[in-house]
Amino acid sequence: MMILPSKEFRQTERRNPASKNLDRMSSLEMIRLMNREDKKIAAAVAREVPAIARGVNEIVRCLRSGGRLIYVGAGSSGRLAILDAAECPPTFGVSRKTVQALIAGGRRAITDAVEGAEDSVRNAERDLQRARLSRKDAVVGVAASATTPYVLGAMRYAKKLGATTIGVAANRVGPLKKLAKIFIGPEVGPEVLTGSTRLKAGTAQKMVLNMLSTASMVQMGHAYENLMIDAVMTNKKLEGRAVRILEAASGKSVSAAEHALRASRHNMRLGLIMLKRGVSAAEAKKLLLSAKGNLRLALGETGKTRRNG
């Protein structure tokens, strides 16, 4: 039987003395208080930077070995995980299978509260089995309290299979820390509205997930400088952004960037090689293939090395 720590030890469940009279405050007083409390979030995340960097390195190792990044969460934490996973394909051009998110209660839980879903350890195991979890994958358990049974069940199952486990919480006391190979716990303190972890805790989790996915995807080569070179173009606005990316990355004119984008059939990687090396789309494709997809190598820009850690 799983024994969870008393709520007394959960920062996320404690009352915030500064907001004890919240229901008597004016709108201005309330917003000023929330703003003061929110200033604590970045500092809490900053204390976890070394652990976040280790998490990125583990995720990259898994992705390079053919594994996936799989988020697991419940309630608000699960919805944040789904948001981050959903943004990776359009931002970095990766398959929807590469970054996934499982939420307690399934698809219905994205918009509605599914009673008791977060308490089911068995459902977590079942969901990971359906996702065909393997030891190559990295599983990131997201739980503000560090005690959510669904997340703990997923982490325990992942650990048993030999998958990499990373825990993200806003409470440093709880079973999640023991189940995670790497634990990231930005403690932001009690919420303005007691127990409402969609506030500071949720914001801290979102910041951590932003870092984990973005840094991992950049390490995997899905950016050129600080530009989204693999972004998916699904509308006119994004096509315009692609032209601006090629213009900025190559130093060429807008018309040259537009021509390269058309000639490369909207492949920004090929378009950039065309612009910087003065070759045709066919030649650019050969260069990229010979470089095994490494854009810097295809461009002949191998002088600078990336450091992990």
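The values are calculated or read from the model by the stated rules, or taken from the named source; none is laboratory data. Keep in mind it's a predicted model, so treat the numbers as computed, not measured. Every residue, glycine among them, receives a Cβ derived from its backbone with ideal geometry; neighbour counts consider all protein chains shown.
Summed over region 60-112, the residues that are polar (S, T, N, Q) and over 21 Å from Leu227 (Cα atoms) give a count of 5. For region 154-184, a tally of residues being aliphatic (A, V, I, L, M) and not in a helix (DSSP H, G or I) returns 9.
Do the conditions hold for Ser95, that is, is it of a type in the set (S, T, N, Q) and not assigned by TED's automatic domain parsing to the domain that holds Gly202? Talk me through it step by step, then tell me what you get.
Details: of a type in the set (S, T, N, Q): yes; not assigned by TED's automatic domain parsing to the domain that holds Gly202: no.
Considered against the rule, which asks whether it is of a type in the set (S, T, N, Q) and not assigned by TED's automatic domain parsing to the domain that holds Gly202, Ser95 comes out as no.
Taken over region 195-223, the residue count meeting the criterion of being modelled with pLDDT of 95 or more, of a type in the set (Val, Ile, Thr) and more than 24 Å from Thr164 (Cα to Cα) is 1. Every test in (1) modelled with pLDDT under 95; (2) in contact with an Asp or Glu (Cβ under 6 Å, 6 or more places away or on another chain) is passed by Ser76 save one, and that test is (2). A single entry from Tyr157, Tyr150 fulfils the requirement of being closer than 23 Å to Gly66 by Cα and either touching a Lys or Arg at 6+ places or on another chain (Cβ under 7 Å) or of a type in the set (Phe, Trp, Tyr) (or both): Tyr157.
When region 165-181 is filtered for residues that are surrounded by fewer than 23 Cβ atoms within 10 Å (Cβ to Cβ), in contact (Cβ under 8 Å) with a residue 60 or more places away in the chain and either touching a Cys at 6+ places or on another chain (Cβ under 8 Å) or more than 15 Å from Arg10 (Cα to Cα) (or both), only Lys181 remains.
Residue count for region 96-147 under the criterion of being exposed (fewer than 14 other Cβ atoms within 10 Å of the Cβ) and among the hydrophobic types (A, V, I, L, M, F, W, C): the result is 1.
Of the helices (runs of 4 or more DSSP H) entirely within region 1-100, those holding at least 1 residues that are touching a strand residue (DSSP E or B) at 6+ places or on another chain (Cβ under 7 Å) occupy 49-64, 75-92. Residues in region 269-284 that are closer than 19 Å to Ala231 by Cβ and not small (Gly, Ala, Ser): Arg269, Leu270, Leu272, Ile273, Met274, Leu275, Lys276.
Can you say whether Arg108 is in a helix (DSSP H, G or I), modelled with pLDDT of 95 or more and more than 19 Å from the chain's Cα centre (by Cα), as far as the supplied structure shows? Write out each step before concluding.
Numbers: in a helix (DSSP H, G or I): yes; modelled with pLDDT of 95 or more: no; more than 19 Å from the chain's Cα centre (by Cα): yes.
Judged against the criteria, Arg108 is not a match.
Number of residues in region 185-233 that are outside any loop (DSSP other than H, G, I, E, B) and within 30 Å of Arg265 (Cβ to Cβ) equals 9.
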